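Structure, as structure tokens:
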Amino acid sequence: MGFGKAVPALEVQNDDLKALVDTNDEWIRTRTGIESRHVAVGESNADLAEQAAREALGWDAGGFAERCLEAGEIDLVVFATITPDTVVPSMAGLLRRRLGLENAIAFDVNAACTGFVYGLTVAEVLMAASAPKTPGAAGRNPVRRALVVGAERLTRLTNWADRNTCVLFGDGAGAVLLENTEDEGADCVVASDLHTDGGYGDILKMPAGGSRRPASVESVGAHDHFIHMEGKEVFKLAVNAMVGAGKNVLEEAGITPDEVKLVIPHQANSRIILAVAPRLGVPDERVFMNISRYGNTSAASIGLCLDEAFRAGRIAKGDYVLLTAFGGGLTWGGAIFQYKE
Ligand code: UT7
């Protein structure tokens, strides 16, 4: 097991945004819980991802790694992002090359803010599926060690003239290294529950930039290469969806809210987080929040939280951690994460 994270050097305070839009610290703080965020100026998405991954692999100080791994030991890279440096090659392929992971299968996952939960689940499923069907038999394309990375540079897709969105987003990366030495599935995803409803896709979208509407004078002029969000609508759906997914994974894992050491929700808004926790039967003191320092970092947020929660001693080996997230797509989902003894 390993955890790592990275954020860009530049920290932007709420008051700094007053120079760009009609906003103020009081509104941002009380409506979102955000006080500052990190904005990548010199760093690319791949730079952030590489730093987080190096920490999780035990190659650089800063994160936590049970042991320092060899590059050739990594079998899988799942990279969750909606802000890749390039569409082709994938970010996972880019990271594989940068780290020299010559044996790894590598691909990206686009599930917006639910990306980290999707990434952990996909890694766990591939690990379990690649285990030998009968004890002692050779597995097919065995996945014993997987690197799950969530990294975003959302501030590049942010319209800095739109106060409804520009105060919300931040950049960063989180990484987790999963190991399956017993061929029994990943050592951490006890239960998971994933959902998508494309019927709500229009309330959180980037209208242009894909193959349907590639960049043109018209699309750039209309600001359609930025994220557009109907915040109030998203908010209403988020609470119920995150609570539903949380309850489903508790049931699937066969554990009660009292047995959950920590809830790590996607960090989109402190009001969403504080509405979700009591509905899951978990008191606020067992809910992890770092949105005040990072804002909404989409697919990176749960990875950033896992790294910080583990290193702060808020979770330890054996503890059940409930992850729950919601994002564009719409996507939502939950997982019970456990760093097994
Ligand atoms: O990451 C996963 C997906 N994203 C989310 O889960 C985000 C979900 N949504 C939210 O977090 C909230 O809806 C927001 C934080 C985006 C907005 O909060 P809200 O309480 O829903 O505010 P609102 O959009 O209803 O706006 C209330 C007022 C409006 O003024 P009027 O019309 O009442 O005069 C806005 O124009 O606040 C105004 N406003 C602002 N004022 C100062 C909106 N943005 C700002 C701002 N500064 N930055």
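Let's test the formula: R0 of 35 Å, r as the Cβ-Cβ distance of E70 and E251. What FRET efficiency results, to the nearest 0.05? It would help to have the intermediate numbers written out before the result.
Numbers: r = 39 Å, r/R0 = 1.12.
That pair, E70 with E251, gives E of 0.35.
Taking H as built 1.01 Å from N, whose amide H comes closer than 5 Å to the amide H of Y320, not counting residues under 5 places away?
Long-range HN contacts for Y320: K261.
Over segment 202-341, what is the percentage of antiparallel beta bridges among all DSSP beta bridges, to the nearest 5? Each step should come with its number before you reach the end.
Numbers: 10 of 16 bridges.
Antiparallel bridges make up about 60 percent of those DSSP assigns within segment 202-341.
How large is the translational diffusion coefficient of segment 1-133 in µm² per second when you combine the Kirkwood radius over alpha carbon pairs with Stokes-Einstein at 37 °C and 0.692 mPa s?
On the way: Rh = 16.8 Å.
The estimated diffusion coefficient comes to 195 µm²/s.
In whole Å, what is the distance between the alpha-carbon centres of segment 43-107 and segment 1-41?
25
Under a 5 Å amide H to amide H cut-off, with H placed in plane at 1.01 Å, what residues pair with V189 once short-range neighbours are removed?
It is Q338, by chain and number.
Considering only DSSP beta bridges with both partners in the chain, what is the antiparallel share in %, to the nearest 5?
70
When the expected Rg is taken as 2.2 N^0.38 Å, what fraction or multiple of it is the alpha-carbon Rg of the chain?
Details: Rg = 19.1 Å, N = 341, 2.2 N^0.38 = 20.2 Å.
Normalised Cα radius of gyration, the chain: 0.95.
Using the heavy atoms of the protein chains and a 1.4 angstrom probe, tell me the accessible area per residue for segment 198-341 in square angstrom.
Working: 6020 Å² over 144 residues.
For segment 198-341, the per-residue accessible area is 42 Å².
Once amide H atoms are placed 1.01 Å from N in the peptide plane, what residues at a sequence separation of 5 or more from I105, or on another chain, have their amide H within under 5 Å of its amide H?
For I105, whose amide H was placed from the backbone, the distant partners under 5 Å are L76, V77.
For S192, what accessible area in Å² do you get when you roll a 1.4 Å probe over the heavy atoms of the protein chains, rounding to the nearest 10?
30
At q = 0.10, 0.20, 0.22, 0.25 Å⁻¹, what is the log10 ratio I(q)/I(0) for segment 246-341, with the Debye formula run over Cα points and no solvent?
Cα-only, vacuum Debye calculation for segment 246-341: -0.23, -0.98, -1.19, -1.52.
Can you bin segment 299-340 into rounded, prolate or oblate? Criterion: square roots of the alpha carbon gyration tensor eigenvalues sorted a ≥ b ≥ c, rounded for a/c under 1.5, prolate for a/b above b/c, oblate for the rest. Write down the numbers at each step before the final one.
On the way: a/c = 3.87, a/b = 1.80, b/c = 2.15.
Oblate shape, in that a/c is at least 1.5 and b/c is the bigger or equal ratio.
Set the Förster distance to 41 Å, then compute FRET efficiency between D284 and S216 from the Cβ-Cβ distance, nearest 0.05.
For R0 = 41 Å, the calculated efficiency reads 0.30.
Beyond 30 Å between alpha-carbons counts as too far, so tell me which of K236/K340; K5/K205; K205/K261; K18/K261; K5/K340; K205/K340 fall in that bin. Before the final figure, lay out each step's value.
Working: K236/K340 35 Å; K5/K205 26 Å; K205/K261 34 Å; K18/K261 39 Å; K5/K340 21 Å; K205/K340 38 Å.
Listed pairs above 30 Å: K236/K340; K205/K261; K18/K261; K205/K340.
With θ taken as phi - 60° and the coefficients 6.51, -1.76 and 1.60, list the Karplus ³J(HN,Hα) couplings across segment 147-152 in order, rounded to whole Hz; mark glycine and proline as x.
9, 9, 10, x, 9, 9
So, counting K/R as plus one and D/E as minus one, what does the shell of residues with Cβ under 15 Å around P283 add up to?
Numbers: positive: K261, R279, R286, R314; negative: D258, E259, D284, E285.
Cβ neighbours under 15 Å give a net charge of 0.
For Q13 and E102 in the same chain, what is the full-extension length gain: residue separation times 0.36 nm, less their Cα-Cα distance, in nm? Please report the intermediate quantities before stating the final value.
Values: separation 89, 0.36 × 89 = 32.04 nm, distance 4.09 nm.
Result: 28.0 nm gained on full extension.
Quick one: net charge of G33's neighbours, Cβ under 11 Å, K/R +1, D/E -1? Walk me through the numbers before you get to the answer.
On the way: positive: R29, R31, R271, R293; negative: E35.
Summing Lys/Arg as +1 and Asp/Glu as -1 gives +3.
Among L147, L250, L237, which one shows the highest mean-square fluctuation when the chain is modelled as a Gaussian network with alpha-carbon springs under 10 Å?
Highest fluctuation among the options: L237.
Where only protein heavy atoms count, and the probe is 1.4 Å, what is the accessible area per residue for segment 13-97 in Å²?
Working: 3800 Å² over 85 residues.
Heavy-atom accessible area per residue stands at 45 Å².
Roughly to the nearest percent, how much of the accessible area of segment 172-246 is carbon and sulfur, given a 1.4 Å probe? Intermediate values should be presented prior to the final figure.
Numbers: 1980 of 3730 Å².
The value for segment 172-246 is 53 percent carbon and sulfur by accessible area.
The values are calculated or read from the model by the stated rules, or taken from the named source; none is laboratory data. Keep in mind that this is a model prediction, so the values were computed, not measured. As a convention, Cβ positions derive from the backbone with ideal geometry for all residues, glycine included, and neighbour counts pool all protein chains shown. We work out accessible area using only protein heavy atoms, side chains counted, and drop any ligands, DNA or RNA first. Shrake-Rupley method; radii C 1.70, N 1.55, O 1.52, S 1.80 Å.
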